[in-house]
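Computed from the coordinates by the stated procedures, all read-outs in this text should not be read as laboratory data. What you are looking at is a predicted structure, and each value in this text was computed from that prediction instead of being measured. Backbone-built Cβ (ideal geometry, glycine too); neighbour counts: all protein chains shown.
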Amino acid sequence: MFLEKAKYPMPTMNITQGYNQGTHAGAYALDMKGEDQGIDWVLAPFTGVIRKVDNASYGIWYWFESLEPVLCANGQQSYLTALFGHDNKQRHKVGDIIKQGERLCAEGTSGNATGNHCHMEIARGRFVTGGWYKNKQGVYMIYNAVRPNEYLCLPDAYRVINDGGLSWKKESQVALQNEVIDQVLHVGSKVELRGIYKISAVSASKNAVACNELADTPFLDYNYIDATPCIEVDKQGVATKDQVCDTGHFIKIPGVFTVLAVDKESNACKIKIGNRETWVKCEPCTEV
Ligand SMILES: [Zn+2]
């Protein structure tokens, strides 16, 4: 199988703000500039699909998920999801497919940005519903964030102005390692549910809740989730005081779950949450 190598998305590397600095507190975020103060293109780091676009007071943001697992700079094979921000113009909509190396967005100043640049984050695994969360430092960051320099390689001919003080692998140095987390679920795979999920139904008699994001038909018995291990949270993911799971409220589901069965047709898997076996969609699951 041909594996795409995930690549740094600009032909000139010029990193102006790195991990855990300033507005990136607690986040593996990079601010990227191109050749100069002008606006350069940001290219798709892999072949993927736009999964979410936010166009609000905090700027224009794209969540871009690889169509297939890609070969990462650290030798792992995984789906990746990239987040790009500050473009001045919305160039894509959800569902658009962009091939590796094609124009995805551009530097800009929309949202909280000083000077033209692009804010990038990389997540291991597929897009997680919601896209981002507020971390302890109050900074929004992508779910399942990883260090971009461990996952994106630098094509050998690239020009480097500022590498952000990070070590980057060149494309020619990247090779597949044995340890493979492919994000394709099989019986025995270990998964986490890392998102914040809105409760769409509650069954008091079952002490269980159901979420649209986790099941196509949440009201079916086998889609209900044991409420016992669930933590009720607010939209920012902070645990609520009352911990009474009501319809319309949000939950987190902590734990690592073993996949007991997979239904390829509906792309769903069976896991045991608390005392209840539940079918959930594969998409929100992150293989770990
Ligand atoms: Zn930034």
Straight-line reach from Lys170: which aspartates and glutamates have a Cα under 18 Å away, not including same-chain ones fewer than 8 places off? Glu4, Glu150, Asp156
For region 1-117, calculate the relative contact order in percent as a whole number, restricting contacts to Cα pairs under 8 Å that are 6 or more residues apart. 28
Cut-off is 10 Å between beta-carbons; in what order do His92, His119 appear when sorted fewest neighbours first? His92, His119
Might you report the magnitude of the Cβ-based charge dipole of region 180-224 about its Cα centre, with Lys and Arg at +1 and Asp and Glu at -1, to the nearest 20 debye? 160
Which FRET efficiency value, to the nearest 0.05, is calculated for Ser205 and Asp96 with the Förster distance at 41 angstrom and r the Cβ-Cβ distance? 0.40
What size of dipole, in debye to the nearest 20, comes out for the chain about its Cα centre when the only charges are +1 on Lys and Arg C-beta atoms and -1 on Asp and Glu C-beta atoms? 240
Report relative contact order for the chain in percent, whole number only (criteria: Cα-Cα under 8 Å, sequence separation at least 6). 17
Out of Leu220, His119, Gly34 - ranked by how far each Cα lies towards the positive end of the dipole of the chain, with unit charges on the beta-carbon of charged residues - the top one is Leu220
Fewest to most Cβ atoms within 10 Å: Arg103, Arg91 sort as Arg103, Arg91
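Would you compute, from DSSP H runs of 4+ residues alone, the mean residue ellipticity of the chain at 222 nm, taking -39500 (n - 2.57) per run and dividing by the full residue count, rounded to the nearest 500?
Using -39500 (n - 2.57) per qualifying helix, the result is 0 deg cm²/dmol.
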When Val209, Val244 are ranked with the fewest other C-beta atoms within 10 Å first, the list becomes Val244, Val209
How large is ³J(HN,Hα), in whole Hz, for each residue of region 187-200 in order, when computed from phi with the Karplus curve 6.51 cos²θ - 1.76 cosθ + 1.60 and θ = phi - 60°, using x for Gly and Pro? 4, x, 4, 9, 9, 10, 10, 9, x, 10, 10, 8, 6, 9
With respect to the cross-link table entries Lys89/Lys169; Lys89/Lys235; Lys89/Lys270; Lys7/Lys270, which display a Cα-Cα separation exceeding 30 Å? Lys89/Lys169; Lys89/Lys270; Lys7/Lys270
